[in-house]
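Engineer: The structure follows.
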Amino acid sequence: RATFPNTGPVAFADLCQYDGVTPGYDIGKPRHCHTCHDQGGNIDIAYFQKDGDHELRPVCGPGNKHLNAIKKECVNGALNDHLVDLDQQVVFMAALFDSPRTRAIGVDPVIGKLLKERAAEMVEAGIITAAGNKGIQQKLGLWATHHDHIHVSLKWW
């Protein structure tokens with residue numbers, strides 16, 4: 001909040017369901033692979049967005065104009081026209097990677113390219129730590145189906 005005043009909260013999506021199991025197994029409609037969200041070991045979080053409405057939604061450009069035909073990821077048009085607030089997103093992810101508990105973060109492949117570039121600039125400017133940048137450069141997964149959220153994967157206790 002100190003770095004980005006006047007910004008709203010970011011939405012969290014799936015952690016685990018009430019009994020600690022991956023969401024959806026209680027109703028027979030799992031939304032993720034078996035055990036991947038058990039005990040909150042993986043967390044889906046919305047992207048920080050330029051308009052300040054950090055809700056879960058595709059970030060592939062206004063009106064989803066840069067979302068691919070099967071609606072699974074952004075296309076290259078999103079490189080120049082997307083909804084992600086790159087600075088907030090990089091600062092957030094770098095802070096997560098400053099923790100040894102963060103194993104990986106999955107993002108949309110097109111958006112991920114932009115995040116890696118911005119992180120390299122921000123570490124040079126002294127805005128994020130070298131460890132945070134290293135995590136982004138080495139442990140940022142470019143994963144399909146992550147056009148509307150990031151997937152934070154934690155090491156188990």
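The values are calculated or read from the model by the stated rules, or taken from the named source; none is laboratory data. Please read these numbers as outputs of a predicted model, since none were measured by experiment. Cβ coordinates were reconstructed from backbone atoms using ideal geometry, including for glycine residues, and neighbour counts include every protein chain displayed. For accessibility, only protein heavy atoms count, side chains too; no ligands or nucleic acids. Shrake-Rupley method; radii C 1.70, N 1.55, O 1.52, S 1.80 Å.
Engineer: Which of (1) in contact with a strand residue (DSSP E or B) (Cβ under 6 Å, 6 or more places away or on another chain); (2) at pLDDT below 95; (3) among the small types (Gly, Ala, Ser) does Gly112 not meet, given it meets every other one?
Structural biologist: Result: Gly112 fails condition (2) only.
Engineer: Here is a follow-up. Can you tell me how many residues within segment 57-74 are part of a loop (DSSP other than H, G, I, E, B) and either more than 25 Å from Met122 (Cα to Cα) or of a type outside the set (A, V, I, L, M) (or both)?
Structural biologist: 12
Engineer: Output yes when any residue across segment 13-36 is assigned to a loop (DSSP other than H, G, I, E, B), at pLDDT 85 or above and out of contact with any Leu (no Cβ under 7 Å at 6 or more places or on another chain), and no when none is.
Structural biologist: Scanning segment 13-36, I find no residue that is assigned to a loop (DSSP other than H, G, I, E, B), at pLDDT 85 or above and out of contact with any Leu (no Cβ under 7 Å at 6 or more places or on another chain), so the answer is no.
Engineer: Let me ask another. Would you please name the residue that is surrounded by the most Cβ atoms within 10 Å (Cβ to Cβ), looking only at residues in segment 136-157 that are in a helix (DSSP H, G or I) and under 13 Å from the mean Cα position of the chain (by Cα)? Before you say what the answer is, go through the steps one by one.
Structural biologist: From segment 136-157, those in a helix (DSSP H, G or I) are 136-139; that's our starting set.
Remaining after also requiring under 13 Å from the mean Cα position of the chain (by Cα): 136, 139.
Numbers: Ile136: 26, Lys139: 16.
Filtering first and then ranking leaves Ile136.
Engineer: Being in a helix (DSSP H, G or I) and open to solvent by 10 Å² or more (accessible area, probe 1.4 Å) is the filter here, so list the residues in segment 94-109 that pass it.
Structural biologist: Across segment 94-109, the qualifying residues are Ala95, Leu96, Phe97, Pro109.
Engineer: OK, next. So in segment 50-83, with the set limited to residues that are of a type in the set (A, V, I, L, M) and closer than 20 Å to Asp14 by Cβ, which one is most open to solvent (accessible area, probe 1.4 Å)?
Structural biologist: Among those residues, the one meeting the criterion is Leu56.
Engineer: Filter segment 128-157 down to the residues that are of a type in the set (Ser, Thr, Tyr), touching a Lys or Arg at 6+ places or on another chain (Cβ under 8 Å) and farther than 21 Å from Leu67 by Cβ and list them by number. If you could, list the steps in order and put the result at the bottom.
Structural biologist: Our first condition is that a residue be of a type in the set (Ser, Thr, Tyr); within segment 128-157, this holds for 129, 145, 153.
Still in the list and also touching a Lys or Arg at 6+ places or on another chain (Cβ under 8 Å): 145, 153.
Once the filter is applied, which keeps residues that are of a type in the set (Ser, Thr, Tyr), touching a Lys or Arg at 6+ places or on another chain (Cβ under 8 Å) and farther than 21 Å from Leu67 by Cβ, segment 128-157 yields only Ser153.
Engineer: Sticking with this one: I'd like to verify a number: residues in segment 110-122 that are buried (at least 17 other Cβ atoms within 10 Å of the Cβ) and either free of Cβ contacts under 8 Å to residues at least 24 places away in the same chain or polar (S, T, N, Q) (or both), how many?
Structural biologist: The qualifying residues number 0.
Engineer: For Ala78, state whether it is of a type in the set (Gly, Ala, Ser), farther than 19 Å from Thr7 by Cα, in contact (Cβ under 8 Å) with a residue 24 or more places away in the chain and touching an Asp or Glu at 6+ places or on another chain (Cβ under 9 Å). Outline the logic, then answer.
Structural biologist: Working: of a type in the set (Gly, Ala, Ser): yes; farther than 19 Å from Thr7 by Cα: yes; in contact (Cβ under 8 Å) with a residue 24 or more places away in the chain: yes; touching an Asp or Glu at 6+ places or on another chain (Cβ under 9 Å): yes.
Judged against the criteria, Ala78 is a match.
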